[in-house]
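Asks: This structure is in structure tokens; I'll ask about it shortly.
The values are calculated or read from the model by the stated rules, or taken from the named source; none is laboratory data. Note that the structure is a prediction, hence the values are computed from the model and not measured. Every residue, glycine among them, receives a Cβ derived from its backbone with ideal geometry; neighbour counts consider all protein chains shown. Calculation scope for accessible area: heavy atoms of the full protein, side chains included, ligands and nucleic acids excluded. Shrake-Rupley method; radii C 1.70, N 1.55, O 1.52, S 1.80 Å.
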Amino acid sequence: MLTPRRFILRTPAIAFVLFAAIAPPVHAQKKRVPPGGNIAVVADERLAALRAAPNLNARLIRRLSRGRLVSVRATKRNHEGVFFCLVVVTRRTSGWIQNEALVMSARSGDDGRLAHLIGGTDEFERVARARIFIDTFPRSPLRPKILLALGDAATEAAEQLTREATRRFERREIPTDGAPEFSYYLNYNGLDRYNRQGVTFTFDREKKQFHYDGAAWREILRKYRNSSEAIEAAKRLENLKH
């Protein structure tokens, strides 16, 4: 069995905006940072099994959720060629996790690897991984591309949310003498997980449609106005007016 080695880094209707009713978005909350080591974040939850040994058949301690911060203490490549990291999750919880589940801001190439993961088909997965990217890689040259992808995923999510909410409220008649109809849509629980990712939608009362508010595209124009993505962001923002 290999001996663990030190981990080395290489350096025309009115639109209504939805706001968080209880808690601020997850990305805006202060996350608990585990003690010591080099901080990494779980980006691919499919590989995020925390195990008692650096082996895919080792006892499962727990499965870590996407966005969880861990502290990397050592690394090891096992006899099958799988690269594992020894991580601390809390003061009482530690174990081995597959390297590809994690990304680190100071590790060369991790921004590109995460950018590739964002190319999936599920709208929410794309939004969540894009949010991790934005929070983890503040200086990456790929940020304009990821911001554009975040906005596009949120736009697709708005269309899906509109369909889901419409089906739900068609099946359940909304009382005419109770709360305003639009408030049911604004309270639709399908919005919650996006809200926790810092993604905000607007709602068109007349057409009964959700729309992404365009925050990521505006950030591109504000911070990366000379990028090729700025041209596309401007087009998307113009489309929001129609």
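Asks: What Kirkwood Rh does the range 180-236 have if only Cα atoms enter the pairwise 1/r average? Answer in Å. Intermediate values should be presented prior to the final figure.
Replies: On the way: mean 1/r = 0.0772 Å⁻¹.
Over the range 180-236, the inverse of the mean reciprocal pair distance is 13.0 Å.
Asks: What accessible surface, in Å², does a 1.4 Å probe find on Phe182, ignoring ligands, DNA and RNA and rounding to the nearest 10?
Replies: 50
Asks: While we're on this one: Taking the Cα centre of the chain as the origin, how large is its charge dipole in debye, to the nearest 20, when only Lys and Arg (+1) and Asp and Glu (-1) carry charge on their Cβ atoms?
Replies: Dipole of the chain, to the nearest 20 debye: 1480 debye.
Asks: Rounded to the nearest Å, what's the spacing between the alpha carbon centres of the range 112-151 and the range 93-110? Just the number, please.
Replies: When both Cα centres are located, 17 Å separates them.
Asks: I need the calculated FRET efficiency for the pair Arg139 and Asp177, taking r as the beta carbon distance and R₀ as 41 Å, to the nearest 0.05.
Replies: Values: r = 56 Å, r/R0 = 1.36.
Efficiency, from the Cβ-Cβ distance: 0.15.
Asks: If I compute Rg/Rh (Cα atoms, Kirkwood Rh) from the structure I just sent, which labelled value in (1) 0.94; (2) 1.05; (3) 0.99 lines up?
Replies: The listed entry that was calculated here is (2).
Asks: Can you compute the radius of gyration and Dmax for the range 61-162, using only the Cα atoms, both in Å?
Replies: 15.5, 50
Asks: With runs of 4+ DSSP H residues as the only contributors, calculate the mean residue ellipticity of the chain at 222 nm using -39,500 (n - 2.57) per run, divided by the residue total and rounded to the nearest 500. Mind dumping the intermediate values first?
Replies: Numbers: 7 runs with 84 residues, N = 242.
Result for the chain, helices only: -11000 deg cm²/dmol.
Asks: Between Lys208 and Asp192, 0.36 nm times their residue separation minus their Cα-Cα distance comes to what?
Replies: 4.0 nm
Asks: In percent, how large is the relative contact order of the range 198-242, given Cα pairs closer than 8 Å and 6 or more residues apart?
Replies: Values: 35 pairs, mean separation 13.1, N = 45.
Relative contact order, the range 198-242: 29 percent.
Asks: Can you list which of the GluC sites (Glu not before Pro) found in the range 165-242 are DSSP loop residues with at most 12 other C-beta atoms within 10 Å?
Replies: Sparse-neighbourhood loop GluC sites (Glu not before Pro): Glu173, Glu206.
Asks: Given Ser183, Ser228, Trp217, which one lies farthest toward the positive end of the charge dipole of the range 172-228, if we put +1 on the Cβ of every Lys and Arg and -1 on the Cβ of every Asp and Glu?
Replies: Ser228
Asks: Between Ala53 and Phe169, what length in nm is gained on full extension when 0.36 nm per residue of separation is reduced by their alpha carbon distance?
Replies: Numbers: separation 116, 0.36 × 116 = 41.76 nm, distance 4.95 nm.
Result for the pair: 36.8 nm of gain on full extension.
Asks: Restricting to Cα pairs below 8 Å that are 6+ residues apart, what does the relative contact order work out to for the range 36-165? Please round to a whole percent.
Replies: Numbers: 215 pairs, mean separation 26.0, N = 130.
In percent, rounded to a whole number, it is 20.
Asks: Give me the Å³ per residue figure for the convex hull around the C-alpha atoms of the range 99-242.
Replies: Values: hull volume 16.9 nm³, N = 144.
Here the figure is 117 Å³ per residue.
Asks: Between Gly37, Ile134, Thr166, whose Cα lies farthest towards the positive end of the dipole of the range 32-174 when Lys and Arg beta carbons carry +1 and Asp and Glu beta carbons carry -1, centred on the Cα centre?
Replies: Gly37
Asks: What nm distance separates the two modelled labels at Lys31 and Ile231, each placed 7 Å from Cα along Cα→Cβ?
Replies: 3.5
Asks: Leu69 to Thr121: extension gain in nm, 0.36 nm per residue of separation minus the Cα-Cα distance? Display every interim value, and only then the final one.
Replies: Working: separation 52, 0.36 × 52 = 18.72 nm, distance 2.51 nm.
Difference between extended and current length: 16.2 nm.
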